[in-house]
Amino acid sequence: MKKRLALIVFPWLLALILPAMAATPLEGEPPLPEEISYVMLKGVVTSYGGAPAAGWMRTYAVIGEGAEVHTIVLPSGIPEEPPSPEENFTYSFLYVRLDNASIVELNYTGLDDLYISGVWSVYNVTFNYYGYENFTLNIETVISEAPGEMLVTNEWSLFTISIQEVPVIAGTVTLVVQRDFEIPQCDVVVDGEVNLWDLMATAQAYGTTPGLPLYDFELDFNFDFVIDIYDLLQLSIELGKEY
Ligand SMILES: [Ca+2]
Ligand SMILES: [Ca+2]
């Protein structure tokens, strides 16, 4: 059923995008610091409570106004072997989310490039798979509405997220985009434009959930742990947008 829906939606999106297809490199000088109003960051988690860990971070900040931060932490790293489709397996991670930002500023403490504070929630998420097709999902709240802050430092290269009663999450920034206009969120095949390449990457992962080989948090635009029609719809709204 999911595949059939993708087959219907995909050509329709293709027709929308093909006339506007022209991959452009990520260009454009970043605006002067005083002109930066939008920041998009992507990164990888490298430690959790000081111990090596894996995971991903995405942040969209509007300076002086608000921010979205989503982080996935795999405390024991990324499994080395992809699971077999015939076997039962479990995939667990921590989902860390900024619920409400109170301060979103550049150079706020004198030590940071970007500072975000607010209230955060942390969830323990476990997918129990019975083969690739069937699973049960268990989401347990570790903490909610806890005060915490995120700092980006070392010329936009490192980040730390410190939430009360939660081990510190630290990592490396892999992409930073600063603009004086709103940055689209669905340029996953990064070339400065939301286009066919992004659509193809998302369509290919259609129907997948965390732990399955084709699932990618990068493609789960609404962070609901499935790549489906809602992610394709969000992408279709941004089709053709450049930054
Ligand atoms: Ca793209
Ligand atoms: Ca999704």
message: Could you work out how much longer the chain between ASN88 and THR46 gets when fully extended? Use 0.36 nm per residue separation minus the Cα distance between them, nm to one decimal.
response: 12.3 nm
- prompt: Using only helices, what value at 222 nm comes out for the chain when you add -39,500 (n - 2.57) per DSSP H run of length 4 or more and divide by the total residues, to the nearest 500 deg cm²/dmol?
  reply: -4500 deg cm²/dmol
- prompt: Check GLY55: other-chain or 5+ apart residues with amide H under 5 Å from its amide H, H built from backbone geometry?
  reply: VAL45, LEU74
query: Could you work out Rg/(2.2 N^0.38 Å) for segment 35-179, with Rg from alpha carbons only?
result: 1.12
query: Mind checking the dipole of the chain: about its Cα centre, +1 per Lys or Arg Cβ, -1 per Asp or Glu Cβ, Debye to the nearest 20?
result: 620
message: Highest mean first, how do 229-239, 138-148 rank when packing is the count of other Cβ atoms within 10 Å averaged over residues?
response: 229-239, 138-148
- prompt: Over the chain, what relative contact order in percent results from Cα pairs under 8 Å that are six or more residues apart?
  reply: 20
- request: Whole Å is fine, so just give me how far the alpha carbon centre of segment 188-243 lies from that of segment 26-102.
  value: 16
Neighbourhood net charge (15 Å Cβ-Cβ; Lys/Arg +1, Asp/Glu -1) for GLY131: -3
- prompt: If you take the square roots of the eigenvalues of the alpha-carbon gyration tensor of segment 103-243 and sort them as a ≥ b ≥ c, do you get rounded (a/c under 1.5), prolate (a/b over b/c) or oblate?
  reply: oblate
task: Sketch the reach of a paramagnetic label on ILE78 as a point 7 Å from Cα along Cα-to-Cβ, and name the residues of segment 29-69 whose backbone nitrogen lies under 20 Å away.
output: 41-49, 51-59
- prompt: If amide H atoms are built 1.01 Å from N in the plane of the peptide, which residues on other chains or at least 5 residues away come under 5 Å of the amide H of ASP228?
  reply: GLY207
Using θ = phi - 60° and Karplus 6.51 cos²θ - 1.76 cosθ + 1.60, couplings along segment 98-105 (whole Hz; Gly, Pro as x): 7, 7, 7, 8, 10, 10, 9, 9
- line: For the chain, shape from the Cα gyration tensor axes a ≥ b ≥ c, cut at a/c of 1.5 then a/b versus b/c, turns out oblate
message: Testing the spin-label approximation: label points 7 Å from Cα along Cα→Cβ at GLU165 and ILE63. State their distance in nm.
response: 3.5
task: Pull out the extension gain between SER102 and LEU233, defined as 0.36 nm times the separation in residues minus the alpha carbon to alpha carbon distance; nm, one decimal.
output: 44.2 nm
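Read-outs: derived from the displayed coordinates by stated rules, not from any lab. All values derive from a computational prediction rather than experimental measurement. Don't worry about glycine lacking a Cβ; one is built from the backbone with ideal geometry, like all the others, and counts go over all protein chains shown.
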